[in-house]
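One structure below.
The values are calculated or read from the model by the stated rules, or taken from the named source; none is laboratory data. Small disclaimer: the values here were computed from a predicted structure and weren't measured. Quick reminder, even Gly has a Cβ in these numbers, built from the backbone with ideal geometry, and neighbours come from all protein chains shown.
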Amino acid sequence: MIGLNIAVVLAGGTGQRVGSDTPKQFMDINGIPMIIRTIKAFEEHDEIDMILVVCLEEWNNELCRLLDNFNIKKVKQIVRQGNTRRESSLNAINALKDVCKDDDIILIHDAARPNLSYKIIAENIRVVKKTGACETVIPVQDTIVFSMDGLHAHEKPSRDKLYIVQTPQSFKYSIIRHAHNHYLDSKRNGLIVPDITDDAGLLLFAKIPVSLVEGDKFNIKVTSPEDFVLMKAIIK
């Protein structure tokens with residue numbers, strides 16, 4: 001039986017850094033809410049079977065209204081956000097426990113990256129089928145400086161080994177579930193655990209290999225007001 005490919009869209013941000021009372025994912029980009037642009041990338045992809053959205057609870061009704069207005073059919077679950085990105089991702093993984101088999105593929109994506117290409121989604125699915133886990137990246141092109149104190153330059157690492165991480169980050173269901181459980185078990189057992197800010201980081205903490213998929217410079221994350229200006233120029 002062919003496995004499921006499930007997109008998880010993380011839309012739990014509050015939009016504080018863009019200086020708005022409206023969460024940034026619900027703000028318009030050239031007439032269409034950013035969250036709808038992001039969801040439509042998965043909705044219109046032939047290989048995506050269903051979508052789960054992790055959303056601010058108080059914005060669920062607005063999300064449902066938008067899904068109806070834009071004729072989105074693949075969203076099957078809306079899950080409450082956690083206090084951190086990791087907790088939001090875990091809420092999604094737990095919500096899928098009665099839906100997923102071990103080899104089903106989960107693509108975890110930021111709602112604030114609305115310019116996701118068909119090609120990147122397809123490549124994530126292809127690589128996960130082969131290796132079990134991947135993250136989308138682009139190579140660093142600028143020179144990077146490392147500072148110990150934020151005041152002085154201490155080291156300039158070789159940029160040929162550095163990459164900027166994007167999303168989706170994609171995994172077989174059993175692998176991402178194990179990585180979350182390993183992190184929680186380590187914490188419960190009193191081990192020192194790092195502050196992990198993305199899903200691939202959970203796998204690296206559990207010493208699980210993560211493959212790389214080539215991303216796209218235009219797959220930017222909208223975080224600041226300047227990013228909105230850029231995205232409005234990129235997306236028509």
Completion exercise
Result of the Cβ filter at 9 Å on segment 74-88, keeping first residues that are in contact (Cβ under 8 Å) with a residue 24 or more places away in the chain and partners that are hydroxyl-bearing (Ser, Thr, Tyr) and assigned to a loop (DSSP other than H, G, I, E, B), at least 6 apart or interchain, is Arg85/Thr197; Arg86/Thr197
Practice task
Please specify each residue of segment 66-83 satisfying the condition of being in a loop (DSSP other than H, G, I, E, B) and of a type in the set (A, V, I, L, M, F, W, C).
Solution key: Phe70, Ile72
Handout entry: Within segment 142-174, tally of residues that are within 25 Å of Val210 (Cβ to Cβ) and within 28 Å of the chain's Cα centre (by Cα)
Key = 21
Practice task
Give me a count of the residues in segment 72-128 that are aromatic (Phe, Trp, Tyr) and surrounded by 16 or more Cβ atoms within 10 Å (Cβ to Cβ).
Solution key: 0
Handout entry: Contacts under 9 angstrom Cβ, first residue in segment 7-22 being within 16 Å of Gln81 (Cβ to Cβ) and modelled with pLDDT under 60, partner part of a loop (DSSP other than H, G, I, E, B) and of a type outside the set (Phe, Trp, Tyr), 6 or more apart
Key = Gly15/Asp21; Gly15/Thr22; Gly15/Pro23; Gly15/Met27
Handout entry: Residues located in segment 142-158, provided they are of a type outside the set (A, V, I, L, M) and closer than 20 Å to Ala200 by Cβ
Key = Pro157
Problem - Complete set of residues in segment 185-218 that are farther than 13 Å from Ala133 by Cβ, surrounded by fewer than 16 Cβ atoms within 10 Å (Cβ to Cβ) and either in contact (Cβ under 8 Å) with a residue 40 or more places away in the chain or among the small types (Gly, Ala, Ser) (or both) - result: Ser186, Gly190, Thr197, Glu214, Asp216, Lys217, Phe218
Practice task
Give just the number: which of (1) of a type in the set (Ser, Thr, Tyr); (2) surrounded by 23 or more Cβ atoms within 10 Å (Cβ to Cβ); (3) under 20 Å from Asp227 (Cβ atoms) does Thr22 not satisfy?
Solution key: (2)
